[in-house]
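Asker: Once you've had a glance at the structure underneath, I'll fire off some questions.
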Amino acid sequence: MTDLTFRPARYAATSRALHWIVAVLVLTTLPIGVVMLQDGLSRDLQNTLFILHKNGGVFILALVVLRLVWRVWAPAPPLPASVPPLQARIARLAHGALYALLLVMAISGYIRVRAGGFPIEMLDAIGFPPLVPRSDALADTAKWVHGTARYALAALILAHIAAGLNHLRLRDGVFDRIWPPFGRGRV
Ligand code: HEM
Ligand code: HEM
């Protein structure tokens, strides 16, 4: 008998919500990082963008760690059988690299700011200790890592979005694994 209730396996509701919250935050934090360093901005606008970028970045770091911990309880569901094994392998590697690059970006940003002796307003307000010693050499190295890894992250995000939208076009069930961001499906 045909099972009319069949739906392709989907990420747990919490995983889907975290995916889209982090996606929106990254897709705004990354361009803010580029814009805030441009010449000709008013001091007020530049300050506001720096505050948004630093605090948004720390928020991303917290959510990515939460996502990785949560992933242990709610692992990725199996892909539809229509996805060739090589493609599934590449997708797994790309997702791992996205997690790794998000961590590298957020941690290097954190070290660059703390080693440089600058504030992170959200953390300072709750009395969170800097954890990183004040050091210009360390701040410069972290700045280099932050400014370099962003190219890899941006390239991978573009490829990831293109692949996701291609699955939406193919209607092969892969996009529905991560959509909608809220509601419908398992917890
Ligand atoms: C329009 C934007 C985006 C689309 C259409 C999209 C689409 C998808 C889809 C379809 C999946 C599930 C793949 C599968 O079935 O295995 C997925 C997973 C994932 N996405 Fe996105 N995504 C977008 C933005 C982003 C952004 C900005 C990031 C982070 C920088 C991101 C990070 C991830 C990660 C890490 C996974 C793997 C989840 C896991 O298995 O733990 N995505 N995305
Ligand atoms: C995933 C999270 C993050 C992304 C995607 C990101 C992205 C970027 C990008 C694209 C730039 C411009 C780099 C350049 O033009 O050289 C930048 C600069 C910067 N970011 Fe982030 N960032 C993130 C997290 C953070 C965090 C957590 C902090 C600090 C708490 C931070 C602090 C900074 C600072 C201070 C700069 C200016 C660097 C300089 O001194 O030239 N970022 N970021």
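The values are calculated or read from the model by the stated rules, or taken from the named source; none is laboratory data. Model, not experiment: these values are computed from the prediction. Ideal geometry is used to build each Cβ from the backbone, glycine not excepted, and the neighbour counts take in all protein chains shown.
Asker: With the structure loaded, tell me whether D140 is more than 19 Å from I60 (Cβ to Cβ) and either of a type outside the set (S, T, Y) or surrounded by 15 or more Cβ atoms within 10 Å (Cβ to Cβ) (or both) or whether it fails that test.
Answerer: yes
Asker: Now for a separate question. Find the helices (runs of 4 or more DSSP H) located wholly in region 88-180 whose residues include 2 or more that are modelled with pLDDT of 95 or more and more than 16 Å from ligand 2 (Cβ to nearest atom), and list them.
Answerer: Fully inside region 88-180 and qualifying: 136-170, 175-178.
Asker: On to the next question. Going by the structure shown, is L37 farther than 13 Å from Y110 by Cα and not in a helix (DSSP H, G or I)?
Answerer: The answer is yes for L37.
Asker: Continuing with the same structure: May I ask you to list the residues in region 46-64 that are of a type in the set (A, V, I, L, M, F, W, C) and surrounded by 13 or more Cβ atoms within 10 Å (Cβ to Cβ)?
Answerer: Answer for region 46-64, where residues must be of a type in the set (A, V, I, L, M, F, W, C) and surrounded by 13 or more Cβ atoms within 10 Å (Cβ to Cβ): L49, F50, I51, L52, V58, F59, I60, L61, L63, V64.
Asker: Just a yes or no: is a residue in region 111-124 surrounded by fewer than 16 Cβ atoms within 10 Å (Cβ to Cβ) and of a type in the set (V, I, T)?
Answerer: Scanning region 111-124 turns up no residue that is surrounded by fewer than 16 Cβ atoms within 10 Å (Cβ to Cβ) and of a type in the set (V, I, T).
Asker: Exactly one of (1) away from ligand 2 (no atom under 12 Å from the Cβ); (2) touching a His at 6+ places or on another chain (Cβ under 9 Å) is unmet by M36. Its number?
Answerer: Condition (1) is where M36 drops out.
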